[in-house]
Each structure stands twice: as structure tokens, then as C-alpha cells.
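The block underneath contains the structure these notes are about, expressed in C-alpha cells.
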Amino acid sequence: MNQVRTPLRVTQWSLNRATEMSSSRCVFVSIAGSLLLTAAAPAQSPNCELLYVSFHQQTSPTAAPTATQHEGRAFITATDGAIFMPTLQLPSGQSRAFTSLGDGRYENLVTVSSTRASLMSSMPSGNYTFTWQGGSGTSSRVLTQPHAAGLWPAQVPTFTPATYTGLQGMDPAEPFTLTVNQFTPDGQANQRIGGYYITENNNGSEGTLVRNNLLLGPSSQVTTLELPPNALAPGRSYLITWIFAHDVNSPGSPGVTRTQFRNATRLAFTTASNCPGNQCGTSDYNGDGDAGTDQDIEAFFACIGGNCCAACFCQGSDFNGDGDAGTDQDIEAFFRVLGGSGC
Ligand SMILES: [Ca+2]
Ligand SMILES: [Ca+2]
């Protein structure tokens, strides 16, 4: 199975980079670098990409996901040497600066739109010129995006009723089978992406990436993927996003100079808690495997203060399990257990 490499960073967009890393490099054109400079320091060949995404939210086992937002972004990613001060020129002639994401990636959020039509209007077909400074001076590459209306997947990912219902309160200690509708890629697409990723749910926004199972090529058409046991933590809220995407290489550009059109459907769920609620804590309060350390004591008092770490005792500061949190009795029980006694 041709599985996309797990990204190092958390964001939705880093997943895009993960797909880039599996492809070959793009061609480049040196503009200002002299022959001497070019010979002394080969020009870089960063990846240049446009990403169009229609986000959908699924809030019912049976109703179709509804579009929530449409975004257009551009990325330039160093592959073989540092690049500096990259800029993007839109088909309109407008110039945009990129923002560094670290580790060689630069991003420009071109537009956020309420409809797909306005997205395509703000980020239309045409020539996008990526320019950067590097070892050979100033270089640039033109990405031609020929699809005025986009080359969107015909289907929007939709979790089956059983998957939607089963995810709510699922037991993370057990494997879980995720199933979505069929994805039939357009024949014009050079490459497809399907599959899912899961992040923590920060009040509806994507938090830390906890699992990435995006697939390239023919594998992208699978409609069932398994979430293995213990990939998630109990009693936590997550966002799962399934993606159907077309990757389209720019005509005449043999490498990573390409455009991706993506339908993404997001679903919020909370795993079942396995916290007993009425038990005594242990001397490894912070759950790092070491019992009775200074860190355990600090974590316990931080939790009493309202800041309980994710791996800490699941009852929080109700150490003695009597239902009252952070009392003198909890503190006394904590130090008794730390001293090797019972609660
Ligand atoms: Ca510990
Ligand atoms: Ca208590």
C-alpha cells in the first residue's frame, strides 16, 4: 500500500507537504543568477504547489455533509538547499509574500471564501509565478493552473451512518473500522489522495495531529480503513477528516509544480472515558512511568491549581476518589501513597 508519510507538523497543510515529498522534483529557471554563480552554486528546485480545499462538516449519521469554507493556498518548499524571501505573483499580477512555516516550507493563504465560485474567482486559472532567492541568486518558476472551474472530485467524503454513530463514545482500546462512500477519481487527475487524519479538537479547530492515514494513488480509492487500538486516548475530543483529492501536474512541468483540488469532510467525536471515578491514585501521578518523583508532586499540585496534564491521573485532583476534588484529604492521601501506604 502506498501510504503517505506522516508529517512532522500538526497543521492540515502539512499533510499536503507529505504528499509532495513522495514525488520527483520540478524544473527551474534561473533569472538573475550569472553563469558563474550558477556554475558555482546549483540553483535549488523547491516544490511549488497550489491547494484548493472545500471543507465540509458532517453533523448527522444520515444527512449529507455541508460545505463550510473554501480556501486557496500556495506553498513553496525547499528540497535541496535553503531558499529565502519567496514571493508569489497571481494571474492578476498582484504579488504576495510567503510566510515561513519552518523546516523549509513557506505558505501563502491566498483566499478564504464562502463559496467555491468565489474561491475560483479569487484564485483563478492562469499563471502563478513563484520567485525565490537561493544559492544561484534569484530564480523563479511558473505554475500554470488551467482549470477555471477547478478539477474537483465529484464526491464529497461522507462517513457511513454506522461509522458516524460508532465514533461517538468509541472505545479507543479497541480497533475501529472507518467507512466512507465511494471515491471515483476524474481521469484527468494525475494522482489521487484519499484516506483520513485525526487531530485533537481544540474547540472545533484542529489541534495536535495524532494520526495520519492518507493514501496516494490507487490506494486512495479504498472506502474502509482501520483505526488501530490505542491510537487515541480515552475521554478525549477529536476531529477526523477524510479527504478526496485530485493532484494535477502543470502541463509541461514534469516535477512537483502542481495543483491539488480537495474535498475534505470533518467530523467531531469524543472517545469513551475509562476513568473509574472512585479509585485511589498511584504514585506515578503524571503517568510518565516513574513513581514518586518531584515531577509527580509538581503535576499533582498543578492539577489542584486547575492545570491537569493530559497523562495525569484521570480523576484529576480527586486523588482519594471520594468525589471531591483538591481537598485536604486528597493531599493527605497523595502523600500517604507516595510514602508507600494505601489511600
Ligand atoms: Ca511520574
Ligand atoms: Ca477527593
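Does the range 308-316 include one or more residues that are within 15 Å of ligand 1 (Cβ to nearest atom) and touching a residue at least 40 places away in the same chain (Cβ under 8 Å)?
yes
Is the range 169-177 home to any residue that is part of a strand (DSSP E or B) and surrounded by fewer than 21 Cβ atoms within 10 Å (Cβ to Cβ)?
yes
For the range 333-343, check the following and say yes or no: at least one residue is of a type outside the set (Phe, Trp, Tyr), in contact (Cβ under 8 Å) with a residue 60 or more places away in the chain, outside the structural domain of Thr208 (by TED's automatic domain parsing) and within 16 Å of ligand 1 (Cβ to nearest atom).
No, the range 333-343 has no match at all.
Please give the number of the condition Ser250 fails out of (1) small (Gly, Ala, Ser); (2) closer than 21 Å to Cys48 by Cβ; (3) surrounded by fewer than 23 Cβ atoms within 10 Å (Cβ to Cβ).
The one condition Ser250 does not meet is (3).
Tell me the residue from Ala268, Ala325, Ala333 that is surrounded by 14 or more Cβ atoms within 10 Å (Cβ to Cβ) and either away from ligand 2 (no atom under 16 Å from the Cβ) or within 26 Å of the chain's Cα centre (by Cα) (or both), please.
When all the criteria are applied, what remains is Ala268.
Among Ala97, Ala39, which is over 19 Å from the mean Cα position of the chain (by Cα), aliphatic (A, V, I, L, M), at pLDDT 95 or above and on the phi < 0 side of the Ramachandran plot?
The conditions single out Ala97.
Looking at Ser219, Ser237, Ser273, which is the one that is crowded, with 16+ Cβ neighbours inside 10 Å and polar (S, T, N, Q)?
Ser219
Any idea which of Phe244, Phe269 is outside any loop (DSSP other than H, G, I, E, B), within 24 Å of Ala310 (Cα to Cα), out of contact with any Ser or Thr (no Cβ under 7 Å at 6 or more places or on another chain) and at pLDDT 95 or above?
Phe269
Anything in the range 254-309 that is within 30 Å of Met123 (Cα to Cα) and aromatic (Phe, Trp, Tyr)? List them, or say none.
Phe261
The values are calculated or read from the model by the stated rules, or taken from the named source; none is laboratory data. The structure displayed is predicted, hence computed values, not measured ones. Cβ: placed from backbone, ideal geometry, glycine included. Neighbour counts: every protein chain shown.
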